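The values are calculated or read from the model by the stated rules, or taken from the named source; none is laboratory data. Note that the structure is a prediction, hence the values are computed from the model and not measured. Reconstructed Cβ throughout: ideal geometry from the backbone, glycine too, with neighbour counts over all protein chains shown.
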């Protein structure tokens, strides 16, 4: 989504209102954050110029279905945060052309960046999620398995008895 900010830069208007639904359609972004599907994300705010910068002051909110990073279960969660972003300009020219091309502000890039910062690195269905058994794949939140998970890396075998004083290492 591109927004023309030429009148804002030349100070013919004070601000540009932001009020739209943002659709997450970039499959790579969705995969990176374990998002299975998302409702449209509502974005509200303003873009304005103050001294030598363009400011974006907005908020976003919506719902998404995520896949838990530990147990792979799908769950719904709210997505919401504030966007406080500025782009330096000098003499009515934009200094950072990664977000602005000519007089068009790439708001999609700004929103996706804000979304990325608002989401956790590992999305979990709950803090207590036990995940999957590494041997049989059983979801340990639902039921325990009978796997012997005492496999010890041979490089760390000697540490197994480190705190047992009765046994020799």
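Evaluated against (1) outside any helix (DSSP H, G or I); (2) modelled with pLDDT under 80, residue 56 falls short on exactly one condition, (2). The number of residues in segment 1-51 being in a strand (DSSP E or B), exposed (fewer than 11 other Cβ atoms within 10 Å of the Cβ) and modelled with pLDDT under 85 comes to 1.
Conditions (1) closer than 19 Å to residue 37 by Cβ; (2) in contact with a helix residue (DSSP H, G or I) (Cβ under 8 Å, 6 or more places away or on another chain); (3) assigned by TED's automatic domain parsing to the domain that holds residue 33; (4) at pLDDT 85 or above, marked per residue:
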position: 61; (1), (2), (3), (4): yes, no, yes, yes
position: 65; (1), (2), (3), (4): yes, no, yes, yes
position: 78; (1), (2), (3), (4): yes, no, yes, yes
position: 81; (1), (2), (3), (4): no, yes, yes, yes
position: 88; (1), (2), (3), (4): no, no, yes, no
position: 99; (1), (2), (3), (4): no, yes, yes, no
position: 114; (1), (2), (3), (4): no, no, yes, yes
